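K.L.:
Mind looking over this structure? Questions follow.
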Amino acid sequence: MKGPLFDAHDHLQYYRSEAGRGAALRLAAEAGVELMLCNGTNPGDWEAVLDLAAENERVVPCFGLHPWRLKEGAPGWLERLESFLLRVPSCVGEIGLDGGKNAADPARQEGVFIAQLRLAKKLGRPASIHCVRTWGRMLEIIKEEAPGPFMFHSYGGPAELEAEFASLGAYFSFSGAIMDVKREKLRKALRAAPPERLLFETEAPAADAPGWRSGPAGIVEVLSAAAAVLGRPAGELSELSWANGKRFTGR
Ligand SMILES: [Zn+2]
């Protein structure tokens, strides 16, 4: 598979050492990863995301308050978020709703999520969304807020909702979880996603499927697995997701 490759979602700031991150980024460059979306999750890591993007032109910075990190949203966080977004071309993320085991305070989650969707819309920035077990409510909010382009990162929702979400501006990013042959619902969602809205991601530094290289270079394995599920050449999917990623980020 030849580059350029697009990694729709990672957290490069989470590498435990500078050396580990450096090695992962070198491997990514060798693999042809030309753009990757590095997602902040709370005000405490936005500066690190900004620095990583300044050091490496392949890194697209994203700033947001994640639903698991609400406690870190001290008064003034939203104004601070806006100031980070205004400093560089960037996306809003990672933001979202979580009804799973990590869920806390659904009302505050919604308030924080909606405020960030509105900020993304006001600034004309795409948004990167985390959604777990709250698909019905997510659909209601997206309809009501009508944001600009947004992606569901590591999409895990039903295939049946994809057409409607796509009509509202959604992109669908699939992670290495598609390598798990037991995840039939997920593989069905991959097959049902509109091709012009397909993206793929590593969520580096994490990698939760056996045989999946961690780091943004692991996008090669994710693309190969997707190619097998879709019965299409991996090279075609890498070109498609590159074009989709460029359109999504406006790069
Ligand atoms: Zn993430």
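K.L.:
Would a scan of segment 133-145 turn up a residue that is of a type in the set (Lys, Arg), under 19 Å from residue 41 (Cα atoms), loosely packed, with under 15 Cβ neighbours inside 10 Å and modelled with pLDDT of 95 or more? Outline the logic, then answer.
P.N.:
Taking segment 133-145 and keeping what is of a type in the set (Lys, Arg), we get 133, 137, 143.
The next check asks that each one be under 19 Å from residue 41 (Cα atoms); those that pass are none.
The answer is no, given that none of the residues of segment 133-145 is of a type in the set (Lys, Arg), under 19 Å from residue 41 (Cα atoms), loosely packed, with under 15 Cβ neighbours inside 10 Å and modelled with pLDDT of 95 or more.
K.L.:
To continue, here is another question. I'd like the full set of residues that are basic (Lys, Arg) and within 19 Å of residue 198 (Cα to Cα), limited to segment 102-152.
P.N.:
Of the residues in segment 102-152, the ones basic (Lys, Arg) are 108, 118, 121-122, 125, 133, 137, 143.
Across segment 102-152, the qualifying residue is only 125.
K.L.:
Quick one: in segment 12-36, which of the residues that are within 16 Å of the ligand (Cβ to nearest atom) and within 24 Å of residue 227 (Cα to Cα) is modelled with the highest pLDDT?
P.N.:
Within segment 12-36, the match that is modelled with the highest pLDDT is 36.
Condition check ((1) within 15 Å of the ligand (Cβ to nearest atom); (2) basic (Lys, Arg); (3) under 21 Å from residue 201 (Cβ atoms)) across all residues:
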{"site": "10", "(1), (2), (3)": "yes, no, yes"}
{"site": "38", "(1), (2), (3)": "yes, no, yes"}
{"site": "57", "(1), (2), (3)": "no, no, yes"}
{"site": "60", "(1), (2), (3)": "yes, no, yes"}
{"site": "81", "(1), (2), (3)": "no, no, no"}
{"site": "91", "(1), (2), (3)": "yes, no, yes"}
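K.L.:
Moving to a separate point now. Collect the residues in segment 129-162 that are in a helix (DSSP H, G or I) and aromatic (Phe, Trp, Tyr), keeping them in residue-number order. Before you say what the answer is, go through the steps one by one.
P.N.:
Filtering segment 129-162 for residues in a helix (DSSP H, G or I) gives 135-145, 159-162.
Within segment 129-162, just 135 meets the criteria.
K.L.:
A further question follows. Identify the residue in segment 161-220 that is hydroxyl-bearing (Ser, Thr, Tyr) and more than 19 Å from residue 93 (Cα to Cα) and, among all such residues, is surrounded by the fewest Cβ atoms within 10 Å (Cβ to Cβ). Can you show your working first?
P.N.:
Just the residues of segment 161-220 that are hydroxyl-bearing (Ser, Thr, Tyr), to begin with: 167, 171, 173, 175, 202, 214.
Keeping just the survivors that are more than 19 Å from residue 93 (Cα to Cα) gives 167, 214.
Numbers: 167: 9, 214: 18.
Filtering segment 161-220 for residues that are hydroxyl-bearing (Ser, Thr, Tyr) and more than 19 Å from residue 93 (Cα to Cα), the one surrounded by the fewest Cβ atoms within 10 Å (Cβ to Cβ) comes out as 167.
K.L.:
Could you look through segment 126-148, keep only residues that are out of contact with any helix residue (DSSP H, G or I) (no Cβ under 6 Å at 6 or more places or on another chain) and under 14 Å from residue 95 (Cα atoms), and pick out the one that is nearest to the ligand (Cβ to nearest atom)?
P.N.:
130
K.L.:
Hey, residue 224 hits all of (1) part of a loop (DSSP other than H, G, I, E, B); (2) touching a residue at least 40 places away in the same chain (Cβ under 8 Å); (3) surrounded by fewer than 22 Cβ atoms within 10 Å (Cβ to Cβ) but one; which does it fall short on?
P.N.:
(1)
K.L.:
Among the residues of segment 163-212, write down those that are closer than 18 Å to residue 229 by Cα, under 15 Å from the mean Cα position of the chain (by Cα) and not in a loop (DSSP other than H, G, I, E, B).
P.N.:
Selection gives 172, 173, 174, 176, 177, 197, 198, 199, 200.
K.L.:
Name, by its number, the condition in (1) within 16 Å of the ligand (Cβ to nearest atom); (2) touching an Asp or Glu at 6+ places or on another chain (Cβ under 9 Å); (3) not hydroxyl-bearing (Ser, Thr, Tyr) that does not hold for residue 5.
P.N.:
(1)
K.L.:
Of the residues 165, 200, 152, 113, which is more than 15 Å from the ligand (Cβ to nearest atom) and aromatic (Phe, Trp, Tyr)? Please lay out each step first, then the result.
P.N.:
Details: 200 fails: more than 15 Å from the ligand (Cβ to nearest atom); 152 fails: more than 15 Å from the ligand (Cβ to nearest atom); 113 fails: more than 15 Å from the ligand (Cβ to nearest atom).
After ruling out the rest, the residue left standing is 165.
The values are calculated or read from the model by the stated rules, or taken from the named source; none is laboratory data. Since the model is a prediction, treat every value here as computed from it, not as a measurement. Using ideal geometry, Cβ is built from the backbone for each residue, glycine included, and neighbour counts are taken over all protein chains shown.
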